[in-house]
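To start, the structure under review is shown below, and the notes come after it.
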Amino acid sequence: MSRAIFIPRDGLHPVLDRLSAEMDVWVPVASGPQKCGGEFVRYVPGTVPVLERQSTTPPKRILLPQVESLLSYAYVKDPEDASRVKINLQAEIAAKPTVVFGARPCDVRGFLLFDRVFTGGPFQDEYYRKRRENTFFATLVCRQWDAACFCSSVGSGPADMEGSDLRLTPLEDGFLVEAINRRAHPILKLMGGEQPTKTQLEAAENLQKETTEEQVGTGDLTHSGDDFRGRFEDLEYWRSMVSQCISCGVCTFVCPTCYCFSITDEMQGLEGERLRSWDSCMFYQYTLEASGHNPRPSKFERYRNRIGHKFSFIPAKYAGMIGCCGCGRCIRSCPVSIDIRKVVENLKENACACS
Amino acid sequence: MHAHNPYLPELATVKEVIQETHNIRTLRIVLDDEEKMRRFVFRPGQVGQLSVFGVGESTFVINSPPSCKEYLQFSVMRAGEVTQRIHQLSAGDPIGVRAPLGNGFCFEELKGKDILFVGGGIGMAPLRTLLLHMIDHRADYGDIMIIYGARSPQDLCYRYEFDKWREGKVDLVLTVDSEFPGWKGRVGFVPTVLTEEAPSPHNRVAIVCGPPIMIKFVLFNLKELGFQSDQILTTLEKRMKCGIGICGRCNIGTNYVCVDGPVFSVAQLQGMVPEL
Ligand SMILES: Cc1cc2nc3c(=O)[nH]c(=O)nc-3n(C[C@H](O)[C@H](O)[C@H](O)COP(=O)(O)OP(=O)(O)OC[C@H]3O[C@@H](n4cnc5c(N)ncnc54)[C@H](O)[C@@H]3O)c2cc1C
Ligand code: SF4
Ligand code: SF4
Ligand code: FES
C-alpha cells in the first residue's frame, strides 16, 4: 500500500468530501469581518480551506471544546419513598473519528502538552483521551512564518511533525500527503488522491529538508526556569514588562498550550448540566477565594504566573517540556502589544529590563 | 471516586446535620452504594469535593477518622454560593461527593513523636480527623497537646466531644479572644496562648490549621520556641475546580494544592515560590 499520495490543488475538495463522508474533518478557513482572520471549522462540501496562512485561533477547541457538558443530572422523586428526592446522574463520553487537516507544527505541539496534562496522570481525563485517540493530524510543513513566530526558540521548528499522523508538504501544483505512522494508513486510503511522481517526491523531500534547517525566531528560550525563579520577587521587573496589560485574557484564549478551565453548574427546572469551559489565569476572579483573599491580586502576579507556568513550572514538572510552542498568536492578538519573547529573554540577570 | 471518570461524583445521602456555630454546620453523609461505603478508605487530611447539583462543587476536609465506617463527616463554614446551599441541606437530602482527594497527613512518620495541634475556627476540621486517628492508635504517639481557639465560646466547633478527646489522654487548651460570662478556659489569641504554654519542640511535630493571619503568627512563635521548618505541618487552601491536578487552578509554582497538598511542611513551603 502506498504511504504517500499527491493531491493537485484543484483536487482538494473531492479528497475532503470523501474524508468528511466518513469522519469529522476540521480545516482552517477565513473568518472575521474582513476575512483576514482564520479559525478551524468542521468541513462540509463547499467549505474553502485557507492553508496559506496561520489561523488566528488554534485548533484547540477540537480536543478541548470551549464549553462541554461533563455530566447531566435531574432531581426525581424516589420511587420507593415519594417524600424523598433522588438524583439521576449521567455522564456521556463519546468521540467521533476526526481529522484535523492543515494544522501547523505549533498547533499540534500544543496537544503534546495537553496529552501530558489530561492523560499523563495521576488522574485521566476520559473526555479528552477519547477525543485524542480518535483524532488524526494532517500537518503542514510550514512556510508562512512571520515576525511574531519563534517555534525554533522553544525546541520545535516549522517542519516538526511530533504528534502528527500525516505530513502535508505544499508543492507548486498541490500537496504531497504522507502517512508518518501506521494509524494514518486507513486515512490516506480514504483520501484517494494520485500516485505521486518521482519529481514530486523529490521536490517534497527538498522542501522538508530546507524547512527543517530554518531557524524561526532568534535565541533559545528553553532554559529559562532558573532565570524565572531569580526574577520572581523582582516586582519592578514585572511592572516594567507588563504595565500596559489590561487583563483581557486574549493571550490565553488564542494560545494552543493554554488549557485552564472552570467547572460550573447550570440548571433549568429540575434538570441541569455540569459544564467545563475555558477560563483564563489573567482574570482577577481566577484565584479569588471565598474569604476575599487573592494570591494573585494584580495583573503583575497573574502575568508572572503565565510566564512561570509556560517556561518554568511545566518544564520542571514534565521533563523539560516547554509550555509554549512559539506560535506567536499572543503577540499578534494582544491589544497592547506585549511580546512574550521579550519578557522571557529579559528574565536573564543583567538583561536590560527597559528594552 | 469513579475509577473511569474522576469528574463523576458518587451519589450520597445526608444522614445527619449538626449546627456547630452560627456559620458552621457539620454534615454526616453516606454513599448510596453500600459496597463502596464499606470499602471507602482514606488518609486523615484528605479532602472531598461536595456537589450540590445545580449549584456546584466545593472542597472540604473529611474530618471523621478513617476508622469510622458508618459515614463521612464534613464541617462546612458558610462562605459563598455552594456553602450557602450546603447549609440548607437536611437529613435525607441527596448530595454528590468526589473523594478521597489530596495527599493527607503522613501519620506514619509521626509515630513515636509528641504532637502539638494548633487550630483556629474551622481550622479544627482537618485536625480533628488526625486527632481521632491518633486517639484510635494512642500507644503509637507520645504526648498530645491541642491549642484550639475561636472568637467566642459559641464559635468553637465540636464542643460536645471535648470530654471524649480528653479521655483519649490529650491536653486540650481552649481559648477565646475575649472574656465571656461563664467561660472557664483561656482568654487570648492562639499565638499568645501558644507562647504561654511553650510546649517543648524536642521530638515534637506541630500541625497548624486556621485563618491565614493566625497561621502567620503561630509560625513565627513556633520558631521562637525552637521548632524547625520540617517540624511544622500545615494545610493550604487555594481556590480549586477539578481537584485532580488537571485544570491548573490551584498551583503555587509547580505544586498543585489539590494533588500535592493540601498538607505541606513549612520546609516544603519555603522551597516553593512565595505566592500564598
Ligand atoms: C484543601 C481545602 C480544604 C478545605 N476544607 C474546608 C473545610 O473543611 N471546611 C470549610 O468550611 N471550608 C474548607 N475549605 C474552603 C472551602 O472550599 C471554601 O470556603 C468554599 O469552596 C467556598 O465555596 P462557595 O461556593 O461557598 O464560595 P464562592 O465564593 O461562591 O466560591 C465559588 C467557587 O470558588 C471556589 N472557592 C472559593 N473559595 C475557595 C477556597 N477557599 N478554597 C477552594 N475553593 C474555593 C469554589 O470552587 C467555589 O465553588 C477548604 C478548601 C481547600 C482548598
Ligand atoms: S504563549 Fe503565545 S507564542 Fe507561546 S504558544 Fe501561547 S500563544 Fe503561542
Ligand atoms: S492579551 Fe495582552 S493585554 Fe490581554 S491579558 Fe494578555 S498580555 Fe494582557
Ligand atoms: S484544582 Fe484543578 S489542578 Fe488543582
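List of remarks:
- Once the stretch A:276-288 is narrowed to residues that are in a loop (DSSP other than H, G, I, E, B) and closer than 27 Å to A:Phe111 by Cβ, the residue that is farthest from ligand 1 (Cβ to nearest atom) is A:Met282.
- Filtered residue count, the stretch A:228-261, keeping only those that are within 16 Å of ligand 1 (Cβ to nearest atom) and in a loop (DSSP other than H, G, I, E, B): 1
- Within the stretch A:223-282, the set of residues being among the aromatic types (Phe, Trp, Tyr) and away from chain B (no Cβ under 11 Å) comprises A:Tyr237, A:Trp238, A:Phe253.
- Only listed residue being touching a residue at least 24 places away in the same chain (Cβ under 8 Å), open to solvent by 20 Å² or more (accessible area, probe 1.4 Å) and within 14 Å of chain B (Cβ to nearest Cβ), chosen from A:Val67, A:Val76: A:Val76
- Matching residues in the stretch B:1-16 - criterion: being under 30 Å from A:Thr119 (Cβ atoms), modelled with pLDDT of 95 or more and open to solvent by 10 Å² or more (accessible area, probe 1.4 Å): B:Leu8, B:Glu10, B:Leu11
- Those residues of the stretch B:210-234 which are modelled with pLDDT under 95 and crowded, with 19+ Cβ neighbours inside 10 Å, in sequence order: B:Gly210, B:Met214, B:Ile215
- Residue within the stretch A:164-183 that is touching a His at 6+ places or on another chain (Cβ under 6 Å) and crowded, with 21+ Cβ neighbours inside 10 Å present: yes
- Pairs meeting the criteria (first residue in the stretch B:75-92 and over 14 Å from B:Glu20 (Cβ atoms), second residue in a loop (DSSP other than H, G, I, E, B), beta carbons under 8 Å, at least 6 apart or on different chains) are B:Ala79/A:Ala290; B:Ala79/A:Ser291; B:Gly80/A:Ala290; B:Glu81/B:Val55; B:Val82/B:Val55; B:Gln84/B:Arg78; B:Arg85/B:Val55.
- Strands (runs of 3 or more DSSP E) contained in the stretch B:198-276 and holding at least 3 residues hydrophobic (A, V, I, L, M, F, W, C) and within 16 Å of ligand 4 (Cβ to nearest atom): none
- Condition check for A:Val254: within 30 Å of A:Leu168 (Cβ to Cβ), within 14 Å of ligand 2 (Cβ to nearest atom) and among the aliphatic types (A, V, I, L, M): yes
- Strands (runs of 3 or more DSSP E) enclosed by the stretch A:56-164 - at least 2 residues per element that are within 30 Å of B:Pro100 (Cβ to Cβ) and in contact with a strand residue (DSSP E or B) (Cβ under 8 Å, 6 or more places away or on another chain): A:67-78, A:81-90
- Any hit, the stretch A:129-147, residues being aliphatic (A, V, I, L, M) and at pLDDT below 95: yes
- Boolean, A:Pro335 is without any contact (Cβ under 8 Å) to a residue 60 or more places away in the chain, assigned to a loop (DSSP other than H, G, I, E, B) and either more than 13 Å from ligand 3 (Cβ to nearest atom) or open to solvent by 10 Å² or more (accessible area, probe 1.4 Å) (or both): no
- Test for A:Tyr303: is it over 15 Å from A:Tyr237 (Cβ atoms) and either within 14 Å of chain B (Cβ to nearest Cβ) or within 16 Å of ligand 1 (Cβ to nearest atom) (or both): no
- Condition met for A:Glu273 (outside any loop (DSSP other than H, G, I, E, B) and away from ligand 2 (no atom under 12 Å from the Cβ)): yes
- For A:Glu210, the stated conditions hold: it is among the acidic types (Asp, Glu), at pLDDT 95 or above and open to solvent by 40 Å² or more (accessible area, probe 1.4 Å).
- Residues being surrounded by fewer than 23 Cβ atoms within 10 Å (Cβ to Cβ), of a type outside the set (A, V, I, L, M, F, W, C) and at the interface with chain A (Cβ under 8 Å from one of its Cβ atoms) - total across the stretch B:242-256: 5
- Taking the listed residues B:Thr195, B:Thr234, the one that is within 25 Å of B:Gln46 (Cα to Cα) and either more than 12 Å from every other protein chain (Cβ to nearest Cβ) or without any contact (Cβ under 8 Å) to a residue 60 or more places away in the chain (or both) is B:Thr234, with no other qualifying.
- For the stretch B:134-149, a residue qualifies if it is open to solvent by less than 10 Å² (accessible area, probe 1.4 Å) and either over 29 Å from B:Gly112 (Cα atoms) or assigned to a strand (DSSP E or B) (or both), and the qualifying residues are B:Ile144, B:Ile146, B:Ile147, B:Tyr148, B:Gly149.
The values are calculated or read from the model by the stated rules, or taken from the named source; none is laboratory data. None of the values given here were measured: they were computed from a predicted structure. Cβ coordinates were reconstructed from backbone atoms using ideal geometry, including for glycine residues, and neighbour counts include every protein chain displayed. For the accessible areas, the whole protein counts, side chains as well, though only heavy atoms, and no ligand, DNA or RNA atoms are used. Shrake-Rupley method; radii C 1.70, N 1.55, O 1.52, S 1.80 Å.
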